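K.L.:
Take a look at the following structure, please.
The values are calculated or read from the model by the stated rules, or taken from the named source; none is laboratory data. Nothing here was measured: the structure is a model prediction, and the numbers come from that model. Using ideal geometry, Cβ is built from the backbone for each residue, glycine included, and neighbour counts are taken over all protein chains shown. Surface areas here come from the heavy atoms of the whole protein model, side chains and all, with no ligands, DNA or RNA. Shrake-Rupley method; radii C 1.70, N 1.55, O 1.52, S 1.80 Å.
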Amino acid sequence: MIICKTIAEVLFFKQSLTEKKRTIGFVPTMGALHKGHLSLIEASKKQCGTTVCSIFVNPTQFNDKNDLARYPRTPQADIKLLEEAACDMLFMPSIEEIYPQPDTRVFSFAPIDEVLDGLHRPGHFNGVAQVVSTLFDIVQPHQAFFGLKDFQQVLIIQALVKQLHLPVQIVPCPILREPDGLAMSSRNALLNTEERKAAALIPKLMQEAKELSKAMPLAEIEKKLIEKVKKEPLLNPEYLLFCDAQTLQPVNDIINKKVICLIAVYSGKIRLIDNIVLS
Ligand code: PAF
């Protein structure tokens, strides 16, 4: 695997690709790689001649300095995993390489960036749009692979690509889960034993939301499940909402639309998200 740290090195790598290898599949990450990321690499390898992964902990998408400081960083283990997965190139830029001067661009993806994480993490999706558009500019992939655990992020990136007329196909990939159902996330590594145990309630709530939605008004389910979270001393709910899966606007029923239930919960100090599509 080739490791590039600068944009010039990426361009040099791209120029060296033979005709057969020229379709680029891209997996942007913030590192601390797990099986979920590796499934994205695998999906890219199936569809593209060359697979590029990036590891960059993007400061502009963190609205909380402590969250940025504690974000897990495991570069040596990540490189080993990517080599084993036969990734072709890893782009690992410095902050100065991506932001030689501050990125002042302001994006709007209303209404999908005004709800859920857009509401609770102000500026987060603007930072995601800044870094993803910059990385797309540098790597110029044909396809880019994103996990559906970050369902709202996938919709935002699809909107970004449309807004900027970028010639890249966004490929949403299924959520990978631990044996007890917890969605795989780099943040899981930050949970202590008790917080990790408590977090196992999250996927159970998602399953329960799906079951109950067949028979009970959605607003009542939201209330009931939020109360369940509150009973677990280590968990603190931020939201649990049923939304239209295209607009992310709240819905009252599941008739004639694709509905998704999304959750954000703190286990101790660690913020976790998950979702389940109902119909
Ligand atoms: O999902 C992530 O890891 C990040 O938000 C992304 C897409 C790599 C942008 O920094």
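K.L.:
Taking the 0 to 90 degree range and rounding to the nearest ten, how far is the long axis of helix 201-212 tilted relative to the main principal axis of the chain, both from C-alpha atoms?
P.N.:
The two axes meet at around 60 degrees.
K.L.:
So what is the accessible area of segment 1-116 per residue, in Å², with the probe set to 1.4 Å?
P.N.:
Per-residue value: 53 Å².
K.L.:
Could you state the angle between the C-alpha long axis of helix 218-231 and the longest principal axis of the C-alpha atoms of the chain, as a value from 0 to 90 degrees rounded to the nearest 10?
P.N.:
The answer is roughly 80 degrees.
K.L.:
Could I ask something else about it? First check a/c for segment 93-156, with a ≥ b ≥ c the square roots of the eigenvalues of its C-alpha gyration tensor; if it is under 1.5, answer rounded, and if not, answer prolate when a/b is larger than b/c or oblate otherwise.
P.N.:
Oblate is the answer for segment 93-156, as a/c is 1.5 or above yet b/c matches or exceeds a/b.
K.L.:
Oh, and also: Starting from the Cα of A189, step 7 Å along the direction of its Cβ; do the same at R177; then give the gap between the two resulting points in nm.
P.N.:
According to this spin-label approximation, the distance is 2.4 nm.
K.L.:
Next question. With a sphere of radius 15 Å drawn around the Cβ of H142, what net charge do the other residues whose Cβ falls strictly inside it have (Lys, Arg +1; Asp, Glu -1)?
P.N.:
Here the charged neighbours net out to +3.
K.L.:
Work out the count of Lys pairs in segment 1-151 where the Cα-Cα distance is under 26 Å, with the pair 8 or more places apart or on different chains.
P.N.:
28
K.L.:
Now a separate question. Each residue of segment 162-176 in turn: what ³J(HN,Hα) in whole Hz from Karplus with 6.51, -1.76, 1.60 and θ = phi - 60°, glycine and Pro shown as x?
P.N.:
Those phi angles translate into 5, 4, 9, 6, 7, x, 10, 8, 8, 10, x, 10, x, 5, 9 Hz.
K.L.:
Could you work out how far apart the two model spin labels at E220 and A86 are, taking each label as a point 7 Å from the Cα in the direction of the beta carbon, and quote it in nm?
P.N.:
5.4 nm
K.L.:
Using the Cα gyration tensor of segment 123-279, with a ≥ b ≥ c the square roots of its eigenvalues, what is the shape: rounded (a/c below 1.5), prolate (a/b larger than b/c) or oblate (neither)?
P.N.:
Oblate is the answer for segment 123-279, as a/c is 1.5 or above yet b/c matches or exceeds a/b.
K.L.:
In segment 1-152, carbon and sulfur make up what percent of the accessible area (probe 1.4 Å)?
P.N.:
Carbon and sulfur together cover 56 percent of it.
K.L.:
Which value in nm describes the separation of the simple spin-label points at L119 and K5, placed 7 Å from the Cα toward the beta carbon?
P.N.:
With each label point 7 Å from Cα toward Cβ, the separation is 4.4 nm.
K.L.:
How much length is gained on full extension from S16 to S94, taking 0.36 nm per residue of separation minus their Cα-Cα distance?
P.N.:
25.8 nm
K.L.:
Any chance you could look up the accessible area of F146 with a 1.4 Å probe, heavy atoms only, rounded to 10 Å²?
P.N.:
10 Å²
K.L.:
Taking R0 as 30 Å, what's the FRET efficiency between K204 and N66 from their Cβ-Cβ distance, rounded to 0.05?
P.N.:
About 0.60, to the nearest 0.05.
K.L.:
Let me make sure I get this right: for the chain, a, b and c are the square roots of the gyration tensor eigenvalues over alpha carbons, sorted descending. Under 1.5 in a/c it's rounded, otherwise prolate if a/b > b/c, else oblate. Which is it?
P.N.:
Prolate shape, in that a/c is at least 1.5 and a/b is the bigger ratio.
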